[in-house]
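Below is one structure, written out as structure tokens; comments come after it.
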Amino acid sequence: MALDLILLIIIVICAFAAVQMRDLLSAALVLGACSLIMAVIWTRLNAVDVAFTEASVGAGITTVLMIAALSRTRRGEEGGEERDMGWVHDGAANKRFIFRHIAMLIVVLVTMGVLIYGTMDMPDFGDPDAPAHTHVARRYIEKSREETGVKNFVTAVLVSYRGYDTLGETTVIFTAGIAVVLLLRKQRR
Amino acid sequence: METRAIITLVLLGIGCFFIVVASVGIIRFPDFYTRVHPAGKTDTMGQAAVLIGLAVYEGLSLVSVKLVIIMLFLAIANPTATHALAKAAYVAGLRPWRKGEPRR
Amino acid sequence: MFDVAGIVVALAVLLVIYRVIKGPRICDRVLAVNAIGTKTVVLLALIGFMYERPQFLDIALVYALINFIATIAFLKYREMGRLD
Amino acid sequence: MSFILTAVIMFGFWLLLSGHFTFILLTSGIVASLIVAYFSHELLFGDIDLKITVNRIVRLIKYMPWLVWEIIAANIDIVYRTLHPSMPIDPEMIEFDTNLKTETGIAILANSITLTPGTVTVEAKRDGKFKVHSIVRGVNMSGMQAKVEMIEGNRDV
């Protein structure tokens, strides 16, 4: 339990730092660290496939892609100085500044309230009587080993029961990858 | 407790100690080049101790061979990565810290 | 035993996060992220043993490789100014 | 030669990772390692002379215990310097030349320097010039240099 708590604290700190940073290269690196820790949390939740994806896509490819994107653009954030200061020596502008921030705070708080209200009807974490666990899950858990021959039943659902779905997803990602490669190649000429 | 568990415990303790000291060193040392020292050495040592401890706990099997391979890979990759970083910093013209200067 | 070791390693990661955020230079940050990667590999191996499912080591292996590649990609960018 | 060696190493790695020994998995493993070896055997080995390489590996294994001892000493040193309240460090940059010829030798020396007390390699050039960052003044490197030169074995091969 303590381990999960520490990992969550690290994630929150990383995310906050990544948003706050003005240097985009550093922000990309902090995001990389963030997804490394995220993958550890996935592993803690026993979701090995998700952890694999998070590790290779989130920490590996995304960081490299962001660095590649930065190498073609600029490293700093635009208008960083002004947004950093916020306060100007002008009464009306200050008032507008405060008003804008209070409005943002209200919007965020209302959204948070709605989301928390939405979670109240949800079953407890790991509740065996939750709707998601009573429908087809039992069959996956009990039969997937003999029906598909795959050890991990998350993997069995992903690549066997929902194989066509996964095939479609993979096709979309593959097409997107080829498109990106083609676009970048055209630009180089 | 059997001997193997005790060996594992000792190795895990040593490894965790070195890992924590490496983190403290990365925080405490005054400039980049000095921070490379704990990151390159102590981290390598710490991970090696922990992973060998786990391998001892597991006994001889495919899993322990994998652990040793991970350990060897990290032991080669970690110094290489820190060396490459130090070189990049040096090429970029970062001056090393001298005794008596303020921390950076 | 493994739980305590995992918590200690996670705390070490928390310490290094300070250096990632503070910097002050980009090299310091990369160094710290690299150190976090090493500790994450150890943490994953420990979690695998906590659950008595050492298959998790495959992820740890992938991690070790990815961490190295990300660092090298960054350095290539710093040295050449571009990746391709 | 390097093709076969690469394929064997790749297949060994496949066996290690899979842990299943059914016919279909072994066959696909062989096919996959052959494909990988076809594309990348020049990257991994290039042209090698097997006898020299084996000699070097034997000497490298003999060098290992000393290296492990040095690594432990280095770590105790770092722990002392990190946890000491006044932090007794006095860093400087050292430059020196070596007679190493091969890339492997240079890589071994560079990693050894990084792992042993008080020093981190900053730059290692292909002609054997080294730049080292040392955490205390007045470190002597000649002992390790001689050991790595012996592994490379320019004299007796």
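The values are calculated or read from the model by the stated rules, or taken from the named source; none is laboratory data. These numbers come from a predicted model, not from an experiment. All Cβ positions, glycine included, derive from the backbone under ideal geometry; neighbour counts span all protein chains shown. Please note that ligands, DNA and RNA were not included when accessible areas were found on the heavy atoms of the full protein model with its side chains. Shrake-Rupley method; radii C 1.70, N 1.55, O 1.52, S 1.80 Å.
Descriptive notes on the structure:
- Candidates C:Ala32, C:Ala45, C:Ala12, ranked by Gaussian network fluctuation over chain C, Cα under 10 Å, top entry: C:Ala12
- Candidate residues D:His84, B:His37, D:His20, A:His135: accessible-area rank, largest first, probe 1.4 Å: A:His135, D:His20, D:His84, B:His37
- Viscosity 0.692 mPa s, temperature 37 °C, Stokes-Einstein D of the protein assembly as shown from Kirkwood C-alpha radius, µm²/s: 127
- Largest-first ordering by accessible area, 1.4 Å probe, given options A:Phe99, C:Phe2, A:Phe52: A:Phe99, A:Phe52, C:Phe2
- Cα-based Kirkwood hydrodynamic radius, region A:135-189, one decimal, Å: 13.3
- Per-residue surface analysis assigns D:Trp66 an accessible area of about 70 Å², computed on protein heavy atoms at 1.4 Å probe radius.
- Furthest towards positive pole of dipole, A:Gln20, A:Ala137, A:Phe153, structure part chain A, Cβ charges: A:Gln20
- For D:Phe21, the solvent-accessible surface computed with a 1.4 Å probe is close to 130 Å², ligands and nucleic acids excluded.
- Theoretical FRET efficiency, 1/(1+(r/R0)^6), r = Cβ-Cβ of D:Leu83 and B:Ser61, R0 22 Å, to 0.05: 0.05
- Ordering of B:46-55, D:26-35 by packing is B:46-55, D:26-35, highest average first (other Cβ atoms within 10 Å, averaged per residue).
- With the convex hull drawn around the C-alpha atoms of region A:1-49, the volume per residue stands at 57 Å³.
- Calculated from the alpha-carbon coordinates, region D:2-44 shows an Rg and a Dmax of 10.1, 31 Å respectively.
- Largest-first principal axis extents of the Cα set of region B:3-91 (Å): 47, 24, 10
- Rg [Å, one decimal], Dmax [Å, integer] - chain A, C-alpha atoms: 22.6, 73
- Spin-label model, A:Glu169 to A:Tyr117: label points 7 Å out along the Cα-to-beta-carbon direction sit 3.2 nm apart.
- Label point distance in nm, B:Ile6-A:Val110, each placed 7 Å from Cα along Cα→Cβ: 6.7
- Using a cutoff of 8 angstrom between alpha carbon atoms and counting only pairs six or more residues apart, the relative contact order for chain A works out to 13 percent.
- Principal-axis analysis of the Cα atoms of chain A puts helix A:2-20 at an angle of about 40° to the longest axis.
- With the convex hull of the Cα atoms taken as the outline of region A:1-85, the averaged projected area works out to 6.0 nm².
- In degrees, nearest ten, helix C:2-22 long axis to first principal axis of chain C (Cα): 20
- Occluded residues from region A:22-43, i.e. those whose accessible area drops by 20 Å² or more once the chain is not alone (1.4 Å probe): A:Leu25, A:Ser26, A:Leu29, A:Val30, A:Ala33, A:Leu36, A:Ile37, A:Val40, A:Thr43
- Cysteines in the protein assembly as shown lacking a second Cys C-beta under 4.7 Å: B:Cys16, C:Cys27
- Each of A:Leu65, C:Leu15 has its accessible area taken with a 1.4 Å probe; listed largest first, they run A:Leu65, C:Leu15.
- Of the solvent-accessible surface of the protein assembly as shown, computed with a 1.4 Å probe and all protein chains present, 68% belongs to carbon and sulfur.
- Solvent-accessible area buried by pairing C with B, both sides, nearest 100 square angstrom, 1.4 angstrom probe: 3500
- Tilt relative to chain A, helix A:91-120 - C-alpha long axis, 0 to 90 degrees, to 10: 10
- Solvent accessible area, Å² - C:Lys22, 1.4 Å probe, full protein context: 110
- Extension reserve of the A:Ala179-A:Ala93 stretch, reckoned as 0.36 nm per residue once the Cα distance is removed: 26.4 nm
- For chain C, taking Cα atoms only, Rg and Dmax work out to 14.9, 46 Å respectively.
- Estimated FRET transfer efficiency (D:Leu5, A:Glu147; beta-carbon r; R0 25 Å; 0.05): 0.05
- The separation of region A:16-67 from region B:1-59, counted between C-alpha centres, amounts to 24 Å.
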